Each structure stands twice: as structure tokens, then as C-alpha cells.
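Below you'll find the structure, written out as C-alpha cells, and then a few comments.
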Amino acid sequence: MFRRLSFPLLVLTVGLSGCAFQEPPLPEPTSGPDVFLKPDTTVVEDAVPRNATLATLLASHDMPSDFAYQFVEALREVFDPRDLRSGHPYKLVYGPDGRFRRFEYHVDDDQYLQVESLTEATTFDAVLVDYEKRREQVSMRGEINQQNNSLFAAMIAGGGDTQIAVDMAQIFNGEIDFNTEVRLGDNFAVLYEQFVREEVHVTHGDVLAAAFENDGRQVYGFRFEVPGEAPAYFDTEGRSLKRQFLKSPFRFDPRVTSRFSYRRLHPVLGTHRPHLGVDYGAPTGTPVIAVANGTVVSAANSGGSGNMVRLRHNNGYETYYLHLSRFAKGMRRGARVAQGSVIGYVGSTGLSTGPHLDYRIRKNGTFVNPLTELRNMPPGDPIPDGQMEAFLAVRDRAIAQMAGRQPPLDEPPIATTQ
């Protein structure tokens, strides 16, 4: 698109037959009231109220019912009116004659709905428009200390987003149990993508690399995509960080309230008996996830164990999830579940004094300590030899960026997140 440029007027005095041509004097400014030009459009901006439908929203702006009907019908091809969400911003634009011109509605972080009036008649054009975004790479550092004694709290204190903390915990789930193994003095660095639109709205993308020093032990994770496979995370030597089992049946930050023991005083029965699992205290309704791919053996009430899900996995392993308030949809005998999928929700059913999850692992018929057994499980496939050079280049650049020796990359604007 070309722009019309304006240049300053140059006043020249030219000698001609002993005379000079001079610019005539400017007229004296006249006093009088300012003239206000009527704006070409009127814009109404607001947020969708609770329990509103698209029809009631349009009616609240005095749009005639027949006009509103054609409006709604026109947008059905690109947007389901039932997906209107309270709190989402919208905009109505009217011409100088009060005639409707355009409607815009924020659908999500990637798109907005735009409906324009084409003619004086009730004819409309409806499209979903991609927000233009700028993709950036951001690096930050943080420390676990007395004031911020969890990864979640330290991330917020360092100016990071809570979702980045959750993602980091999932990346290192096979290496660090963030519920039990985090220590004061631990520190971390992370490199991640973010998407900026209108210099105000920021959404976060993938974690590209992360480092965590845990009790003196340094662990790294680098995101790399082997051709033909989904992106995954690998350590500095190209070994996979994925394990057969996750270290915790929660996405993030429960607390251990009782450990594995062959002789524990039962809080309800008042007698000493084995406790062959780990109790995690968490509010009722907290999602519980499958620690590995598996098959549902049972999902039912089990007496003192309350509502319990039992899963069978490879290599002779089974996992048990006790005292659930309810089961996730689809939990039935024989159903397949994926690692990280929700299987139920924390509760206090059965012999329980409060909401918690009793989580157990059985290997070849014998219950084992969940907090130590996972150390024995092998990792996933490493970087193939043919991709190692490309991986090392990604690794070295990410380490330099996290250390501040190389600035993160800024990329040109994009239409949507990748």
C-alpha cells in the first residue's frame, strides 16, 4: 500500500529585472467557535452478559427481529450461535444514519467473528478472521526460596505464566517429583514462545527448553521434532525424558500426606496395618490422571477403598486410584486410557477422613513404593543418529539463550499460532 507523502513548502526569492517576487502575507486568523465534524461511524463496545444468546444480545441494541434473524442465519456457516460466551468482548459499528455496518466478536485467542452488512437489504457477509500475532521467544530464570517455595510460586514471582510452570512440571515429570523432591535453593531457567497481538494480549506457546537444578542435580529438557514423529523433550545427550510412568497422578502441586509403609496407624480404624500406597491431599474435584498408557481393569465402588479405578499397564504393572469422588467419562472395564488423561476426581469415599487420593502401584502381583519404583523405569527412544547434529544445534542455541548469551529470536507477524 502506498502512502501519500507531504513535503514542506520551499519559499524562493528570485531576482528578475531588479525585482523580487515574495510570498503574499498569510491572512490574519479569525476568531470564532470551533467546528466539530460529525463522526462517520458510531461504535459500541461491551462484553457479552451472563446467560445472553446472540438473539437477546442483538435485541438489547434495538436490532429489529427480522433483521436479527437474517443476521444470525448468515453467520451459522462459520460460527455456531450457541458458542457465544459470556465475558467475551464484542463491537457494533453504525453509520452516520444509524444503519448497522459491522459486528465483531472475540471467539478465542486465535480468531474473531466479523459480520458486515452488504446492502440496504438484510444481506450479510460473515467470516472468521485470524488475529495477526507476533511470535517471540522469551527466557526467564527463577529460584525456589522461603517466599516462593514451589515452582508455581517462583514462576509467578519471576514474571512468568502459571501455564509455563505446569508445562515444565510435565516435561520433567519423569525426572523430578515436584510434589516431594523440590528443595529450597533449587533454581530454573526456561525458554518459551509467546504470541502478542495489539501489544497487549499475550498467549503462551510451547516450552522450547528448560533447565532445573534440583538438590544439586542439573536436568535439562529440549523440545525437538524428529521427522515423522510428534515433538518431544530430550536431555543434553539426546535421551528421551519420557518415561513409561509419570511421577505423579496429578498435573501439578498436590502434597504428600502419607507415605508407603508396611505398618501405619490407620486414621479411621485406629489399628496398625500396611499402607501400600501414597496419599496425596488435594481438594475434592481435583482431576486425577493416568500415569501411563493402560487398560481399565475396573472402575467401581470397592468398599473401604471407595470409588476406585484400577489400570493395567505393560511390563507387569498395575496402578490403583482410591477414594475418588467420581469417575471420568468413559471409565469402564476394557477401555483404553492414554498417559496424562483424566480418569477421575479426588474425593473422600470409603474409609477416609478427608479428601485425598490413595495412589498405588503393583508390579507382578506385589505392591511397590510409587516414590521409588519410577527410578527403575527405562526412558523412551533417543534422538536417531541421523538427527543428532540438528538436535545439538537446537540444544546449544537454547542453552545460550537461557544463559543470556544470545538474544531470543523475534519472528515476523503470523496469522495464528503454530
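The values are calculated or read from the model by the stated rules, or taken from the named source; none is laboratory data. Since the model is a prediction, treat every value here as computed from it, not as a measurement. Neighbour counts are summed over all protein chains in view; Cβ atoms, including those assigned to glycine, are modelled from backbone coordinates with ideal geometry.
Here is a yes/no grid of residues against (1) within 30 Å of Arg405 (Cα to Cα); (2) β-branched (Val, Ile, Thr); (3) outside the structural domain of Asp186 (by TED's automatic domain parsing); (4) in contact with a Lys or Arg (Cβ under 7 Å, 6 or more places away or on another chain):
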{"site": "Leu57", "(1), (2), (3), (4)": "no, no, yes, no"}
{"site": "Asp62", "(1), (2), (3), (4)": "no, no, yes, no"}
{"site": "Glu73", "(1), (2), (3), (4)": "no, no, yes, no"}
{"site": "Ser86", "(1), (2), (3), (4)": "no, no, yes, yes"}
{"site": "Thr119", "(1), (2), (3), (4)": "no, yes, yes, no"}
{"site": "Phe124", "(1), (2), (3), (4)": "no, no, yes, no"}
{"site": "Gly142", "(1), (2), (3), (4)": "yes, no, no, no"}
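Restricting attention to region 134-159, the residues being among the polar types (S, T, N, Q), in contact with a helix residue (DSSP H, G or I) (Cβ under 9 Å, 6 or more places away or on another chain) and over 20 Å from Arg223 (Cα atoms) number 4. Only residues that are surrounded by fewer than 19 Cβ atoms within 10 Å (Cβ to Cβ) and either among the hydroxyl-bearing types (Ser, Thr, Tyr) or within 15 Å of Tyr280 (Cβ to Cβ) (or both): list them for region 356-370, please. Selection gives Thr366, Asn369.
Scanning region 295-338 for residues that are farther than 17 Å from Gly365 by Cβ, basic (Lys, Arg) and without any contact (Cβ under 8 Å) to a residue 40 or more places away in the chain yields a total of 4.
Within region 189-219, if we keep just the residues that are under 17 Å from Glu175 (Cβ atoms) and without any contact (Cβ under 8 Å) to a residue 24 or more places away in the chain, the residue that is farthest from the chain's Cα centre (by Cα) turns out to be Gly216.
So for region 353-361 (the condition being part of a helix (DSSP H, G or I), modelled with pLDDT under 90 and of a type in the set (Val, Ile, Thr)), does at least one residue qualify? No: zero hits. Of the strands (runs of 3 or more DSSP E) that lie entirely inside region 244-311, those containing 1 or more residues that are at pLDDT below 90 and of a type in the set (Gly, Ala, Ser) span 255-258, 261-265, 278-281. Being under 18 Å from Val48 (Cα atoms), of a type outside the set (Val, Ile, Thr) and surrounded by fewer than 17 Cβ atoms within 10 Å (Cβ to Cβ) holds for only one residue in Arg134, Arg85, and it is Arg85. Return yes when Val190 is at pLDDT 90 or above and either in a strand (DSSP E or B) or surrounded by fewer than 19 Cβ atoms within 10 Å (Cβ to Cβ) (or both) and no when it is not. Yes, satisfied. Looking at region 227-243, which of the residues that are modelled with pLDDT of 85 or more and within 26 Å of Phe152 (Cβ to Cβ) is surrounded by the most Cβ atoms within 10 Å (Cβ to Cβ)? Looking at the filtered set, the residue picked out is Phe234.
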